[in-house]
Amino acid sequence: MTLSLSIIACVLSIASLSWNIILYIKQSHSAAISTNTKLIVGIEGRLGQIPELLRFHGIDNPEEILKQHGITSEEFAYLVNSFTVAGTFYRTTPTPNDILKEGSYRWVMCKSPSTQKAWPLVRIMLADSPYRKALDELIEKLKQTTD
């Protein structure tokens, strides 16, 4: 009986240790994403002040390109920051598609003709990911309903 209790206690201790290691790894990952997002948002914000930096992202003649997409450099920086922050949430929440549900903040933003016009330029600044693909699909769907 004592041996059985000792074995059970040992197994529970190992399970607890394993669970704590998993939680530590997840927490470290989330902290890294959060820190990276804060830094990127600060850097991306500079695009509003210095649109010439867009050349490092393959966008030459930024003033002309921004004008073609109907936005100023400040508006572009805002959109990039907004979608970057939402992307962090999308990647870390257990229910990522909730932020794109009809009537949500992000859905309303994507429904805006101004956002839709700027989207081809904004999407360049987002990594190729399930988040960007979901936004592409949502914006395309919303464009078809407003045309």
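Nothing in this text is a laboratory measurement; each read-out follows from the coordinates by a stated rule. Quantities reported herein were computed from a predicted structural model and do not represent experimental measurements. With ideal geometry, Cβ positions are generated from the backbone for all residues, glycine too; neighbour counts draw on all protein chains shown.
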Next on the checklist: Restricting to DSSP loop positions (anything but H, G, I, E, B) with no more than 12 other Cβ atoms inside 10 Å of their own Cβ, which trypsin sites (Lys or Arg not before Pro) remain in region 78-116?
Outcome noted: 101
Next on the checklist: I'd like the orientation of helix 130-146 relative to the chain: the angle between its Cα long axis and the longest Cα principal axis, in ° from 0 to 90, rounded to 10.
Outcome noted: 40
Next on the checklist: As a footprinting exposure proxy, order 11, 41 by other Cβ within 10 Å, with the fewest listed first.
Outcome noted: 11, 41
Item to check | region 46-100: GluC sites (Glu not before Pro) in DSSP coil with no more than 11 other Cβ atoms inside 10 Å | outcome: none
Checklist entry - Taking the Cβ-Cβ separation of residue 24 and residue 68 as r and a Förster radius of 30 Å, what is the calculated FRET efficiency to the nearest 0.05? => result 0.05
Checklist entry - Using the Cα gyration tensor of region 38-146, with a ≥ b ≥ c the square roots of its eigenvalues, what is the shape: rounded (a/c below 1.5), prolate (a/b larger than b/c) or oblate (neither)? => result oblate
Item to check | Spin-label model distance (nm) - residue 39 vs residue 55, 7 Å beyond Cα toward Cβ | outcome: 2.6
Next on the checklist: Within the chain, count lysine pairs with alpha carbon atoms under 12 angstrom apart where the residues are 8 or more positions apart or belong to different chains.
Outcome noted: 5
